[in-house]
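The values are calculated or read from the model by the stated rules, or taken from the named source; none is laboratory data. Computed from a predicted model, the values in this text were never measured in an experiment. Neighbour counts run over all protein chains shown; Cβ positions are idealised from the backbone, glycine included. Quick note on the areas: whole protein, heavy atoms, side chains included, nothing else; ligands and nucleic acids left out. Shrake-Rupley method; radii C 1.70, N 1.55, O 1.52, S 1.80 Å.
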Amino acid sequence: MTPAVAFQKTSRHFGAVRAVDAVDLEIKPGEFFAMLGPSGSGKTTCLRLIAGFEQPTSGSISIFGERAEGVPPYRRNVNTVFQDYALFPHLNVLDNVAYGLMVKGVGKDERHRAAEDALRLVQLPGYGGRKPGQLSGGQRQRVALARALVNKPKVLLLDEPLGALDLKLRESMQEELKQLQKALGITFVFVTHDQGEALSMADRVAVFNDGRIMQVGAPEEIYQRPASRFVADFVGSSNVLPPDFVQRHAGQRRWGSLRPEQIRVGRDKSGDGVAARVLSRHYLGAATKLALDVEGLRLHATVPSGTAVPEDGEHVVLSFNRDQLHLMEEQA
Amino acid sequence: MKTGRFWAWLVFGLGTAYFFIPLIATFEFSLRMRRGEYSFDAYRVVLGDSRFQETFAYSVTVAVFTILLGVLLVVPTAYWIRLRMPHLRPVVEFITLLPLVIPAIVIVFGYIRMYGSNSPLPFLGSARGTDALLVIGYATLALPYMYRAVDTGLRTIDVRTLTEAAQILGAGWTTIIARVILPNVLIAVLSGAFLTFAIVIGEFTLASLLNRPAFGPYLQNIGANRAYEPAALAVIAFAITWGCMSVIQILARFAPKSANRPN
């Protein structure tokens, strides 16, 4: 099957800065693909390479099997939803959505009908007459989405599209985006620095750091079997365990990771396990997060609400299942 | 505290008097054409003069062409500088300021030497050619105001993202400038246009030395030969300029709020 987007040893350097460095990547057609990473990790540059706003310094990019280098953005069958929406302030919502069709020379009646359809798709029917300045952030987001979808792109690029929305709205938009993607069957490439967002929405996630891809895989895989210390730490703040510690408890001299929710905290000091001392507690509602000191190593554990929470400074005993301690590929 | 306010008001009063007394005196004088009573006779004579109508119409036409040329020159330049060559901005800003430093008389002597009828570019060989040269010269004189106005307008919109959004939707450069950028800086362009208009209407040096029938030289001619009419003309010219300024003020109030920064 031809990949929707393929990178072959693609690099984009800005002078001495390697924004994207020899990246290999294949995105399958119809996939919801997330690019996750801290700011400056190269994920947005990757998106701009796909959109055609940047050209690779070396390597190649193909979109549905066609070479993309030198092809202008509008001939690539892709469209972008920008971080700050980039709606045209002087046009009303309907003309904003119909803009792509207007440029193509589609007649007024036809393009307005198509724009109305797109607005219905994003649940903003009847908003056509308003100006972008009169809409809320969430509504502008939807208009930007409708404008990107009206040209029926094969790949839709989303650059931190939910970054400017408040938590509640972000959660409902996440669900909606996911449903929309399923219904349309378009390949979505989604850039975010929010690991929760990436894990909950994407079919596959690529974790970026320093212009390189650290790991690509399904959300469960990324979360439960991080390949490196960076991925373990960045995705879900896992406890990264040094080789010495792992050797003592799992018998192998490798870096390991252990999820905070997989650590059981026992208040019975005589029990079997690892002795630890509680440094601080953070109440999160559904659980309490504990910062623990284990032989000079700082670990986090979560205690579900309803169970007894140890006091600050209290000595506790930690236990976990051996098979939940994940050994990372990265060498010690 | 009290004395500070007193001095502030005194300075303000002096400034106002310095500015308004000549204006009021001119206006009062312009009403005294008929002996022993105030009348608008001077204005009637001036406005009824066919040379006034001709020169004013000529200057308005030249102003319109100057504005067109200025917009065509400045909007794409300022846009491109903001989008692709921000490092060149200080250079371009300096160039646009040059007309304030170089007197118009220097420019016009340069023109006369460069574009005489036996030069390779004989602009001055025909009346139309001289008109064209006048428009070009005025566009240069208005450059500092036009560029600054447009550049300020561009600052209020996110030029890069809007360009990319239009690009990915299939718009070419002409479409982007004419249908995305220009409508969003229209208010700024209009204030630049009115400043240009005010400059062109009152300009004397270029028009006089290039020997074109413009409003400025007519004003000077009347001033040298009549008594009451020049005062009336000065008041009219003042009214036009002030009219332009108030239009700018009113337009600024209608400036569109950017979608990205609604407040």
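Overview of results
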| quantity | calculated |
| --- | --- |
| Pairs beyond 30 Å (Cα-Cα), from A:131/A:154; A:108/A:131; A:43/A:182; A:43/A:152; A:168/A:289; A:28/A:289 | A:28/A:289 |
| Accessible area that becomes buried as B packs against A, both chains, 1.4 Å probe, Å², nearest 100 | 2100 Å² |
| Geometric extent, Cα atoms of segment B:88-204 - Rg, Dmax (angstrom) | 17.8, 51 |
| Surface per residue (accessible, 1.4 Å probe) for segment A:237-328, Å² | 53 Å² |
| Built amide H within the under 5 Å cut-off of residue A:81, gap 5+ | A:157, A:158, A:159 |
| Cα-projected label distance for residue B:246 with residue B:94, points at 7 Å along beta-carbon direction, nm | 4.2 nm |
| Dipole magnitude (debye, nearest 20) for segment B:1-144, charges at Cβ of Lys, Arg, Asp, Glu | 380 debye |
| Under 5 Å, built H, 5+ apart or other chain: amide partners of residue A:316 | A:276, A:277, A:278 |
| Sites residue B:155 and residue A:123 - FRET efficiency at Förster radius 35 Å, r taken between beta-carbons, to 0.05 | 0.50 |
| At q = 0.10, 0.14 Å⁻¹, base-10 log of I(q)/I(0) for segment A:237-328 (Debye sum, equal scatterers on each alpha carbon) | -0.23, -0.46 |
| Accessible surface, per residue, of segment B:50-252 when the full set of protein chains is kept, probe 1.4 Å, Å² | 47 Å² |
| Built amide H within the under 5 Å cut-off of residue A:211, gap 5+ | A:42 |
| Residue-by-residue Karplus 3J(HN,Hα) for segment A:32-37, coefficients 6.51, -1.76, 1.60, Hz, glycine and proline x | 9, 10, 10, 10, 10, x |
| Global form of segment B:160-261, assessed from the alpha-carbon gyration tensor, a/c cut-off 1.5 | oblate |
| Rounded to the nearest 20 debye, dipole of chain A from Cβ charges on Lys, Arg, Asp, Glu | 760 debye |
| Rounded to whole Hz, the Karplus (6.51, -1.76, 1.60) HN-Hα couplings of segment B:234-240, x for glycine and proline | 4, 5, 4, 4, 4, 4, 5 |
| Assigned charges on the beta-carbon of Lys, Arg, Asp, Glu; segment A:200-297 dipole about Cα centre (debye) | 180 debye |
| Chain B - percent relative contact order, Cα under 8 Å, separation 6 or more | 28 percent |
| For chain B: rounded, prolate or oblate by the Cα gyration tensor [a/c cutoff 1.5] | oblate |
| Among B:175, B:101, B:33 - extreme Cα towards positive end, dipole of chain B, charges at beta-carbon | B:175 |
| Charge dipole of segment A:114-224 about the Cα centre (unit charges at C-beta), most positive-ward option of A:223, A:199, A:156 | A:156 |
| Gyration tensor (alpha-carbon) shape descriptor, segment A:5-233, a/c threshold 1.5 | prolate |
| For segment A:5-233, share of DSSP beta bridges that run antiparallel, in % to the nearest 5 | 50 percent |
| Cα principal axis extents for segment A:184-301, largest first, Å | 58, 37, 22 |
| Net length gained if the chain between residue A:39 and residue A:9 were fully extended (0.36 nm per residue, minus Cα distance) | 8.6 nm |
| Residue A:131 accessible area, 1.4 Å probe, all protein chains in place, Å² to nearest 10 | 90 Å² |
| Ranked by how many other beta carbons lie within 10 Å on average, peptides B:228-240, A:66-78 from highest | B:228-240, A:66-78 |
| Surface share of carbon and sulfur [accessible, 1.4 angstrom probe, percent] for the protein assembly as shown | 57 percent |
| Span per principal axis, largest first, for the Cα atoms of the protein assembly as shown (Å) | 119, 70, 49 |
| At least 30 Å² of accessible area lost relative to the chain alone, listed for segment B:148-176 with a 1.4 Å probe | B:161, B:162, B:164, B:165, B:167, B:168, B:169, B:170 |
| Long-range Cα-Cα pairs in segment A:106-248 (distance over 17 Å), rounded percent | 67 percent |
| For residue A:188, net neighbour charge (Lys/Arg +1, Asp/Glu -1) across residues whose Cβ lies under 13 Å away | 0 |
| Within the protein assembly as shown, percent of DSSP bridges classed antiparallel, to nearest 5 | 70 percent |
| Fraction of alpha-carbon pairs over 22 Å apart in segment A:169-249 - percent | 34 percent |
